[in-house]
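The values are calculated or read from the model by the stated rules, or taken from the named source; none is laboratory data. As the structure is a computational prediction, the values presented were derived from the model and not from experiment. FYI the Cβ positions are ideal-geometry reconstructions off the backbone, even for glycines, and counts take in every protein chain you see. Surface areas here come from the heavy atoms of the whole protein model, side chains and all, with no ligands, DNA or RNA. Shrake-Rupley method; radii C 1.70, N 1.55, O 1.52, S 1.80 Å.
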Amino acid sequence: MEGSSWTFTLSLLLLLLWVSMSTQALLTLHMKDFISAVKQVEGEDPGSEPLVVLKKLRRAASLNDTFTQHFLPNVDSAGAELNSSLSDYIHKAVHHRVTEDFTEEGVVLTPDGTSVALGELLMGMEAGFLSNTGTPKELLHLTLGRNLALTLEQNISASNRFGPDGCWDSITTPQVFTLSDPPSMLTTAQVNGGMDGTLLGMEVSNKSRKNVKLSSLLTEYYCHQLKGKGMDEAPLLISQRRKDNFRRLVLPSRLSRTTVESEELQRRLAGGSTMDEMEKGQMMGRIEEGMNEFIHMYMDCPPIIPRCQWGAKPYKGTPTNLSLPLNFLYIHHTYIPGQPCLTFEQCSANMRSMQRFHQEERGWDDIGYSFVAGSDGFLYEGRGWLWRGAHTLGQNSRGYGVSFIGDYTSQLPSQHAMGLVRHQLTSCAVGGGRLVGNFTLQGHRQVVATACPGNALYSEITGWEHFGV
């Protein structure tokens, strides 16, 4: 009997050890796996309020510095500790830092193909749940204000002030996220997390959403499946609408004031002297100047999936650089693939297929287009802002070439996809994606290119305007 009991106990211990060792191996740095971890936290204390879950996550991730504690309660009241394997995974997924080899930690891959820093997201949501007013003033401080202050107070050029984005070692089982260039104090993943934290924080500040499960809210926001007309019939509050929603919600002037207030608070918490009105005014001037670049880069420009993220093969040979700024934008549709793509996976597969066709069948150096518009809410980088494309015979050095995935010989692309190109891409195109000054759209006229069935490059598009920038 004693032997049987000992055998059972040993088996149970081995099982628990195996579960502990396997948790981190099974959970990748994908948002769906992070949501699974949140469900585990919720399951350990069924019926626990979202605020308790968020405090447990913040404790596991060591998000409890002086600035955070100024706005959010101490995590000591979060109840029982999580099991070690779950706590280790959460710390890995949430605690943010950039290593010397440009690996960005505390970031997850979302189903739409973008990357999000979880710390800013979770703190924004916690501030929203704590609010009783519907407009929690802590939101912008915790999600973007502090990092914007650190960034804009640095004496660096605008070209290195924000970003960069990066790419994952694997799209299916992401574990390592590597930045594409030397990092600033505020990476693109942190901006995405800050925007999402602001939007979801505002959502849960509404009394009708106070008791929603954290895992359910994250699933609604990040895992919505587009159907039929794609973004034209999608809900308002989903991650694909991040930039549009943030632009509507947050005035640049309010973001600038919050940034100054965050800088002043950080100095005070560090024991520094209080700024006088002159010093505040000088700081506001510096921050407003840098804020123009932030607004252009993250609010005016469309969301673009980089080459490495959709799995592009290398350019064959040496690219020819464009002479910027350019004056024209040439519009095409792919014809083949003929169906609009509604997911990051499908749009990425279409991009790889087109690049393969252009390189192997056409004998070109790369995919011909500068950018490609999916129906999933994103543009995809082809040759991008700086390299000359192969999209419009005789005009490749004069403008960017943009193609819509799908056959649009008898219908137009979705309104959302057309808006991304017509308004946001054209606004962003001046200076190759960088803010270089004011501009106007000129020379509106119809575009009718020669139709060549089976040719993915030249196809007929009627009813479209050709913008001279």
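Among the residues of region 83-113, the ones that are touching a Ser or Thr at 6+ places or on another chain (Cβ under 8 Å) and of a type in the set (G, A, S) come to 3 in all.
Number of residues in region 47-68 that are open to solvent by 20 Å² or more (accessible area, probe 1.4 Å) and within 20 Å of V204 (Cα to Cα) equals 6. So which residues in region 212-233 are touching a residue at least 40 places away in the same chain (Cβ under 8 Å), among the small types (G, A, S) and closer than 30 Å to G43 by Cβ, if there are any at all? If the condition is that a residue be touching a residue at least 40 places away in the same chain (Cβ under 8 Å), among the small types (G, A, S) and closer than 30 Å to G43 by Cβ, then S215 is the only one that fits. Where helices (runs of 4 or more DSSP H) fall wholly inside region 150-251, the ranges with 2 or more residues that are small (G, A, S) and either touching an Asp or Glu at 6+ places or on another chain (Cβ under 9 Å) or within 23 Å of R286 (Cα to Cα) (or both) are 188-204.
For region 90-106, filtered to residues that are open to solvent by 60 Å² or more (accessible area, probe 1.4 Å) and free of Cβ contacts under 8 Å to residues at least 12 places away in the same chain, the residue that is nearest to the chain's Cα centre (by Cα) is R97.
Okay, residues lined up against (1) more than 25 Å from N245 (Cβ to Cβ); (2) open to solvent by 20 Å² or more (accessible area, probe 1.4 Å):
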position	(1), (2)
G166	no, no
V176	yes, yes
L179	yes, no
P182	yes, yes
V191	no, no
G197	no, no
V204	no, no
V212	no, yes
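Can V250 be described as within 29 Å of V98 (Cα to Cα) and surrounded by 15 or more Cβ atoms within 10 Å (Cβ to Cβ)? So V250 passes the test. Here is the figure for region 73-89: residues that are of a type in the set (S, T, N, Q), open to solvent by 60 Å² or more (accessible area, probe 1.4 Å) and in contact (Cβ under 8 Å) with a residue 60 or more places away in the chain total 2.
Suppose the filter is in contact with a Lys or Arg (Cβ under 6 Å, 6 or more places away or on another chain), among the acidic types (D, E) and within 17 Å of P306 (Cα to Cα); does E381 pass it? So E381 fits the description; yes. Pairs are defined by a Cβ separation below 7 Å, a sequence spacing of at least 6 or placement on different chains, a first member in region 335-355 that is closer than 16 Å to P413 by Cβ, and a second member that is open to solvent by 30 Å² or more (accessible area, probe 1.4 Å) and of a type in the set (D, E); the pairs so defined are Y335/D407; G338/D407.
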